Amino acid sequence: MNIAVAIALMVVASIVMIASYRLGSGWAKDVGPDSGYFPFYIGLIMFISSGLTLVQSIIGGRRDARVSFIARDQLFRVLQVLVPMTIFVVLSITIGIYISTFLFMSFFMIWHGRYPLYKTLPIAIAVPIVLFIVFEVWFLVPLPKGPFEAWLGY
Amino acid sequence: MDAFLSLLHGFDVLLTFNNLFYMVLGILFGVLLGFLPGVGGANGIAILLPLTFSMDKTTAIIMLAAIYWGALFGGCISAILFNIPGEPWSVATTFDGHPLAKQGRAGEALTASLTSSFIGALIATLVLTFLAPIVANFALDFGPPEYFAVYLLTFCSFVGMGRQSPFKVLSAMMLGFAFAAVGTDEVTGGVRLTFGTETLLTGFHFLIAVIGLFGIGEILVTIEHGLNFEGQKAKINPLVVWETWKKLPQYWVTIIRGTAVGVWLGVTPGGATPASFMSYGLAKRFSKNGDKFGTGELEGVVAPETAAHSAGTSALLPMLTLGIPGSPTAAVLLGGLLIWGLQPGPLLFVEQKDFVWGLIASIYLGNLVGLVIVLSTVPLWASIMRVPFSIIAPIVIVVCAIGSYTLSNAPADLIFMVMFGVIGYLFKKLNYPLAPMVLAIVLGGRAENAFRQSMIGAQGDLSVFWSNGLVGTITALSMVMLFWPLIHWLYQRLR
C-alpha cells in the first residue's frame, strides 16, 4: 500500500512537472518567473520525496512499513461505505439531494444497521425535511433539486 | 493600554443579542462536532461557511470561531467517556481520562479536562490580546520577500517538527501546492494544469479539500474499525466539580508548562494535536507521579488539554496578524476571511477594528460560556453518542455533501469531495500528515505570489531572501527547520 501510494504520488508529480514544463517553467520577460515555474519545482520536490519514501518502504525496516498494511476485511468495510457514497453523490447531482438522501439513509440503516422498515422510514423521511427547513427556508441556500422537487413546485 | 481599550471596544461590538445568539449556537454546534468522531472543527466550519455569506462579517466570524472553541471542548467528552477521541487533539486525553472514567471518576476527569482547557485558552487569549497588535504593527513593514520567508518558515516547520517521516510531510505538502496551482494563474491570467477541462478552470477550492480530507476521510477511517461505542456513565454534579476545582491548583506547574507548549506550537504551525502529545510527554517525564501516568492520573488529563486548547487559540495570532494560520481550523477561518472580502494581515488591525476586536472579545466570552454549557450538559451529549453509527454516518456524509455543494453550486465539487475523501483515508492510514497539505492548498497561491513578486523586484536574484537582517534570519531559521530531521539523525549517529 505504501509503495502503491508513493508510486501514485510520483506519477502525479511527473504529470505536474511535464505540464508545467510545457507552460514554460523558466524566466519570462516582464512577468518574472513564468506560470509553470513554481509548479515545476513543486512537482520536482514531490517526485524526489515520494521516491525516497518508495525506497524506504521497499528496503523496509522503517516503522511506517507496518502501518501500511490494510487488512482485507477492513478494505471491504471501507468499500461498503465508499461505493454507496459515490452512488449517493452521483444521484444527488442527477435527481436532486432530497430523494438521494432518503434513499441513502434507508439503505444505510437497513443494510448496515439492520433496522426494521418501521424504524427506518420515519428517520429517512425526517432527515431530508429537516435539511429543507434549515437550508432552503432558514438560511436561503438552494440545494441540488431534480424532477420530484419540480413537481412539488420548487 | 491600547490593547486593553481596543478589547473593551471589542466587548462593546460583541454584546448585541444577535452576536451572542450566534456565539452560543456556534458553541453548541461545535461541541456536537467535536465529540462525534468523524467530524471536527475544521470541516464543520468548512460546511457552515457558505451559510455565512449573507451574514454580517463580525457575526459570522464570531459564530465560526465559537464552533472551534466548542469543538475543542467537545473532543474530550468522547475521549474520556468512550475512549474514542472525537478530535485528533484529544487522543492524549484518552490515556488517563478513560482509565479515570472506568474507576467511576468520569466526573472528576471531565471537570479537570474542561477546566484546564478553559485556563489554557484564557492564558492564550491574553497572549493574543496583547501580542497580536505588536506583531501586526511590526508586520506592517513586510514586503514580498519577508512574506515569502514567513511562508517558507511555516512550511519548513512542518518538516522539522512533524512526527511523521519528513519525506511524507514534503510529499503531502507538495501535493497541496500542486492542487493550489490548478486553474487560473493569478499573475499572468493564463490557464494551467487544467488538462483541457472547463471544470478545473476555477481550480480546487480548499474548503472542498477540507471537507473531503477531514470529513469523508475520517468517516472511512472510523468505519474500518466497525464501530460500537461502549461508554462509561457520566456522573457529574456541582459537588464533584467543586471538589475537582479544589484539586486543580496543585497542578499549576503542569498547567503553565502545557500552556507554554500550546502557545508556542499554536503560533508556529504545529497545531493542537502535537501540542497535546508534547505536553503529556513532558508532564510524564517531570511529574513525581510520572510512572503512574496511563492508569488514571488527573495530571495526565490536565497536561494535554491545557496545551490543546491554548494551541488552538493562539493559532489565531499568526492568522490575524500575518494571514498565516497556525492550524487547519485556523486555515479554514482564514479562507472565510478571504471569502468575505477581508484581507488577512496586519492591515486588519488598522482597518477592521470592529471585526478583529469583536472576535478577540468573543474568545474570552465564548470559552467561559462554553465551559459552563459543556459542564452542565455532559449527560445530554453522552446520550447522543449512543445513537448508532449507522444513523450518524449517513447524516454526516449528507451534510458534508451539502457543505461542498453550497459553496459554489457546482456539482463537480461533490465528486472532488469524494476524491479528497479517498486521499484523506489513504494518507491517514499511511501516516502522511494532512495539516501541511491543507495549509499548502490554502496558502499556495499567496506563497507563490509573494515569491514571484520578490523575484520580479530582485530581477531573479535569490539572494533577496538574505538581503536584510529580518528576512535573512527568517530564511535561515526555515533552513534549520527544513533540515532538522537530517541534523537530528546525524547528531544521533555521531553519539
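Structure summary
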item	result
Members of segment B:3-36 found to be within 14 Å of chain A (Cβ to nearest Cβ) and over 20 Å from the mean Cα position of the chain (by Cα), listed by number	B:21, B:22
Subset of segment A:121-140 (residues that are more than 9 Å from chain B (Cβ to nearest Cβ) and either assigned to a loop (DSSP other than H, G, I, E, B) or of a type outside the set (A, V, I, L, M, F, W, C) (or both))	A:122, A:136
From B:423, B:415, B:395, residue being in contact (Cβ under 8 Å) with a residue 40 or more places away in the chain, within 30 Å of residue B:216 (Cβ to Cβ) and within 14 Å of another protein chain (Cβ to nearest Cβ)	B:423
Residue tally, condition buried (at least 24 other Cβ atoms within 10 Å of the Cβ) and of a type in the set (Gly, Ala, Ser), over segment B:161-186	6
Residue in segment B:37-46 that is away from every other protein chain (no Cβ under 14 Å), surrounded by fewer than 22 Cβ atoms within 10 Å (Cβ to Cβ) and in a helix (DSSP H, G or I) present	no
Odd one out for residue A:64, checked against (1) facing chain B (nearest Cβ under 7 Å); (2) modelled with pLDDT of 70 or more	(2)
Residue count, segment B:87-98 (criterion: crowded, with 24+ Cβ neighbours inside 10 Å and modelled with pLDDT under 80)	3
Filter result (surrounded by fewer than 22 Cβ atoms within 10 Å (Cβ to Cβ) and not basic (Lys, Arg)) within segment B:252-266	B:252, B:253, B:256, B:260, B:264
Neighbours by Cβ (under 7 Å, 6+ apart or cross-chain): first from segment B:204-220, within 13 Å of chain A (Cβ to nearest Cβ) and closer than 16 Å to residue A:84 by Cα; second outside any helix (DSSP H, G or I) and of a type in the set (Gly, Ala, Ser)	B:219/B:38
Residue match in segment B:438-448 (condition: of a type in the set (Asp, Glu), at the interface with another protein chain (Cβ under 7 Å from one of its Cβ atoms), buried (at least 22 other Cβ atoms within 10 Å of the Cβ) and in a helix (DSSP H, G or I))	yes
Which numbered condition residue A:118 fails, given (1) away from every other protein chain (no Cβ under 12 Å); (2) under 25 Å from the mean Cα position of the chain (by Cα); (3) of a type in the set (Phe, Trp, Tyr)	(2)
Where a residue in segment A:47-59 is facing chain B (nearest Cβ under 8 Å) and its partner, wherever it lies, is buried (at least 20 other Cβ atoms within 10 Å of the Cβ) and of a type in the set (Phe, Trp, Tyr), with Cβ under 8 Å and at least six apart	A:49/B:167; A:50/B:167; A:52/B:167; A:53/B:167; A:56/B:167
Count - residues of segment B:335-391 that are of a type in the set (Lys, Arg) and not in a helix (DSSP H, G or I)	1
Tally, over segment B:99-112, of residues that are over 15 Å from residue B:375 (Cβ atoms) and crowded, with 23+ Cβ neighbours inside 10 Å	2
Hits in segment B:426-437 - residues which are more than 8 Å from every other protein chain (Cβ to nearest Cβ), at pLDDT below 85 and assigned to a helix (DSSP H, G or I)	B:428, B:435, B:436
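A quick yes/no check of all residues on (1) buried (at least 18 other Cβ atoms within 10 Å of the Cβ); (2) part of a helix (DSSP H, G or I); (3) assigned by TED's automatic domain parsing to the domain that holds residue A:142:
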position	(1), (2), (3)
A:81	yes, yes, yes
A:86	no, yes, yes
A:90	no, yes, yes
A:98	yes, yes, yes
A:101	yes, yes, yes
A:107	no, yes, yes
A:110	no, yes, yes
A:115	yes, no, yes
A:119	no, yes, yes
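The rows are residues; the columns are (1) buried (at least 23 other Cβ atoms within 10 Å of the Cβ); (2) within 14 Å of chain A (Cβ to nearest Cβ); (3) within 23 Å of residue B:16 (Cα to Cα); (4) in contact with a Ser or Thr (Cβ under 6 Å, 6 or more places away or on another chain).
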position: B:321; (1), (2), (3), (4): yes, no, no, no
position: B:333; (1), (2), (3), (4): yes, no, yes, no
position: B:347; (1), (2), (3), (4): no, no, no, no
position: B:363; (1), (2), (3), (4): yes, no, yes, yes
position: B:374; (1), (2), (3), (4): yes, no, yes, no
position: B:390; (1), (2), (3), (4): no, yes, no, no
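The values are calculated or read from the model by the stated rules, or taken from the named source; none is laboratory data. From a predicted model like this one, the values you see are computed outputs, not experimental measurements. Positions of Cβ are backbone-derived with ideal geometry, glycine not excepted, and every protein chain shown enters the neighbour counts.
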